[in-house]
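What follows is one structure encoded as structure tokens, with my remarks underneath.
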Amino acid sequence: MIPVLGNETSADQLYIQMQDMLGDVVPDFELKIKAELAAEINRLKVEKNAVILGHNYMEPALFHSIPDYVGDSLDLARRAATTDKDIIVFCGVRFMAETAKILNPSRTVLLPSAKAGCSLAAAITAADVRELKQKFPGVPVVTYVNTYADVKAESDVCCTSSNAAAVVESLDSDTVIFLPDEYLAKNVARETGRHIIFPTKDPRNGSGTELDYQMIGWPGRCEVHEKFTLDDIANIRKQFPDVVILAHPECSPEVVAACDYSGSTNAMIKYVEQTKAPRYLLLTECSMGENIAAANPEKEMLRLCSVRCPHMNQITLEDTLASLQKNQYVIEIPEDILYRAARAVEKMVALG
Ligand code: 13P
Ligand code: SF4
């Protein structure tokens, strides 16, 4: 996996290491500023007994300088659950920081920007889930981890993109409600051989509890991954016939089917590291391609820099420093919600 730097590294050492990794993508004067910020963050992190978790979508200079651990959402949830540090600084988005708090409630969890949301988490409310449960009584609810704590609290079990099919298959039930990502649900339905309906999208299915279904979905979408189309893939393959294309399962099922591999952010990194192709393209948040390229200079990565997650993009080195200096923004979850959400999240972590 992608290596992380030591906390004791000085600004000068950090600058040299960052220049080595990022010298051809980040201008030198910016690297110097970023190295100084990173060195101060790492000093404060030790002073405050904090751990920094960095999602794979963090911008390259941050990704390669301050996190103690980098990874996908499942990996980082596990790190959060087991840390003995007093403070968890989550360089990711709000639902990830909330998941850390749910799994390790006695720690202070900080999110460096109050604006780091997620279009999937915003797509569904706890009241929506309660309504679905009334409409389909007794059907277990699987909720993607990209949701807020009150939605998790209404769920039986959570999943991430790396274990979604396994979580669905672990349930002893012919039918499941899978929320809120329409595309991930369709991809999981295909992988597990289930027929899926969207009662909120298609009025003919609105009261059709008698219809033939095995998965009940919700029309939420990731505003980043929904952008990729079959035309994009056809054009890329025309221009670069030898390219290997990887897609996150939040892309549409048509796009996933037209790609060479689909998996969580960690799974895609592993795939690139363990295979030998003339060039790769990732259909996902664009910083990740930069991060893989920086850690694996021998791999040829096509760059796709217009597709940036506006929420992940909120997390900067400047805001992370302010977060540690001012103890902001503290993640708080009402106790009853946290308790109920913990059952669903802990079940997910136990399932692997
Ligand atoms: P991963 O769990 O694969 O890291 O994905 C998180 C995410 O938000 C993808 O858009
Ligand atoms: Fe949410 Fe999509 Fe951004 Fe991931 S990439 S955090 S799913 S908006």
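One residue stands out among those in the stretch 65-90 that are among the polar types (S, T, N, Q), in contact (Cβ under 8 Å) with a residue 24 or more places away in the chain and open to solvent by 10 Å² or more (accessible area, probe 1.4 Å): the one that is farthest from residue 308 (Cα to Cα), which is 83.
The single condition among (1) surrounded by fewer than 23 Cβ atoms within 10 Å (Cβ to Cβ); (2) under 14 Å from residue 244 (Cα atoms) that residue 297 does not satisfy is (2). Scanning the stretch 185-199 for residues that are within 16 Å of ligand 2 (Cβ to nearest atom) and touching a Gly at 6+ places or on another chain (Cβ under 9 Å) gives 185, 186.
Taken over the stretch 123-141, the criterion of being free of Cβ contacts under 8 Å to residues at least 12 places away in the same chain and of a type outside the set (D, E, K, R) is satisfied by 127, 134, 137, 138. The helices (runs of 4 or more DSSP H) found wholly in the stretch 239-303 and carrying at least 2 residues that are within 23 Å of residue 190 (Cβ to Cβ) and over 19 Å from the mean Cα position of the chain (by Cα) occupy 253-258.
Residues that are touching a residue at least 60 places away in the same chain (Cβ under 8 Å) and open to solvent by less than 10 Å² (accessible area, probe 1.4 Å) within the stretch 91-112 comprise 91, 92, 93, 97, 99, 100, 102, 109, 110, 111, 112, listed in sequence order. Taking helices (runs of 4 or more DSSP H) as the structural unit, those lying wholly within the stretch 9-113 and holding at least 1 residues that are under 17 Å from the mean Cα position of the chain (by Cα) correspond to 60-63, 73-82, 94-103.
Within the stretch 323-339, which residues are open to solvent by less than 80 Å² (accessible area, probe 1.4 Å), more than 17 Å from residue 37 (Cα to Cα) and in a helix (DSSP H, G or I)? Selection gives 337, 338.
When you go through 157, 142, 151, 129 one by one, which is the residue that is crowded, with 24+ Cβ neighbours inside 10 Å, more than 16 Å from ligand 2 (Cβ to nearest atom) and modelled with pLDDT of 95 or more? Answer to the check: 142. Of the numbered criteria (1) open to solvent by 70 Å² or more (accessible area, probe 1.4 Å); (2) modelled with pLDDT under 95; (3) basic (Lys, Arg), the one residue 194 fails is (1).
The values are calculated or read from the model by the stated rules, or taken from the named source; none is laboratory data. This structure is a prediction, so every number in the text was calculated from the model and none was measured. Every residue, glycine among them, receives a Cβ derived from its backbone with ideal geometry; neighbour counts consider all protein chains shown. Ligands, DNA and RNA are excluded from the accessible area calculation, which covers all protein heavy atoms including side chains. Shrake-Rupley method; radii C 1.70, N 1.55, O 1.52, S 1.80 Å.
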